[in-house]
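Take a look at the structure set out below.
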Amino acid sequence: MRLSFKSAVLVVLLGLLAALLPACSHNSKDDKIAKDIQDKVAADPETRDSQVSVAATDGKVRLSGKVKSQSAQQKLEQIAHDEPGATSVDDQTAVDSELASQMAAAPPPAEIPKPVPIVVPSGTVLTVTTSQALSSKQSQAGQTFLATLAQPISVEGRPALATGATVSGRVVSAKAKGKIKGEGELSLALTSVSVRGHTYQIQTAVLSSTVKGKGKRTAVTTGGGAAGGALIGGIAGGGKGAGIGALVGAGAGFIGGAATGNKQIEIPAESALSFTLAAPLTLPPPPE
């Protein structure tokens, strides 16, 4: 008899446990659904300012509280409908009219203007100081040379190219003068400039100087640039740095040298040369 009573109690306990397990399982799933929806509402820019409560029972989601706008209300419903495990959504939220009117009256945030690139126009004169010697006798066509910008360039008050910027150039042509006859020729052009660690291609007028006869010489600017840009080099044999003081005044001199006899056209290192941009140079805006 005692065993029978114990068996009956055990059966009852097992039945209660079997009934409680599904309920616990459902509660766990519903709690997860509600929490996931609440987290997504708080993270979404459209709904995060809403004062909303989320509850779930057997997968049925109920929303209550106030939202800032009708679009926020629609987004809230979408979040709830998209939640895995949600079987239906009962939206009991209301649009807060006072908050909605404040949102409508608030002006849109002012857009920060985008930085404007700097465009150095064609015709701008770039005066550079050579880093190496060049001559009609020793240089060769296609040879590259380096220089540094001797004077800063600004566009409408905005700094574009700083003094000391590295500039690359190319020997367009070089021809030694013969002892008896034949012209000596040296033509140069700039090809690139480095700004804040970046190199930009440039186009300048080709500057040429020739010498023939008994030291007669001419200098011309070609390649589409504005006339008046001059190659102002040191006079041959004049020493390092000759001609640096002659930075002002286009046409102040030719490529130095070849003044008399059979001297070649020579440009000592650290000579000042002026080139004219034949095409605009577009640079990114300077960092703030």
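The values are calculated or read from the model by the stated rules, or taken from the named source; none is laboratory data. Please read all numbers here as calculations on a predicted model, not as lab measurements. Positions of Cβ are backbone-derived with ideal geometry, glycine not excepted, and every protein chain shown enters the neighbour counts.
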Return the residues of the stretch 169-199 that are at pLDDT 90 or above, surrounded by fewer than 18 Cβ atoms within 10 Å (Cβ to Cβ) and small (G, A, S); say none if nothing qualifies. S173, S192, S194
Are any residues in the stretch 53-78 β-branched (V, I, T) and under 13 Å from V95 (Cα atoms), and if so, which ones? V67
Pairs, first assigned by TED's automatic domain parsing to the domain that holds P84 in the stretch 42-67, second assigned to a helix (DSSP H, G or I) and loosely packed, with under 14 Cβ neighbours inside 10 Å, C-beta under 6 Å, six or more apart: R48/A42
Tell me which residues, restricted to the stretch 200-219, are surrounded by 12 or more Cβ atoms within 10 Å (Cβ to Cβ) and at pLDDT 90 or above. Y200, I202, Q203, T204, A205, V206
Being crowded, with 18+ Cβ neighbours inside 10 Å, outside the structural domain of T276 (by TED's automatic domain parsing) and modelled with pLDDT of 85 or more, is that true of even one residue in the stretch 128-143? no
Filter pass, V155 being within 18 Å of S209 (Cα to Cα) and either surrounded by fewer than 20 Cβ atoms within 10 Å (Cβ to Cβ) or not assigned by TED's automatic domain parsing to the domain that holds L273 (or both): no
Kindly provide the set of residues from the stretch 263-278 that are under 35 Å from the mean Cα position of the chain (by Cα) and closer than 14 Å to S209 by Cβ, ordered by number. S271, L273, S274, F275
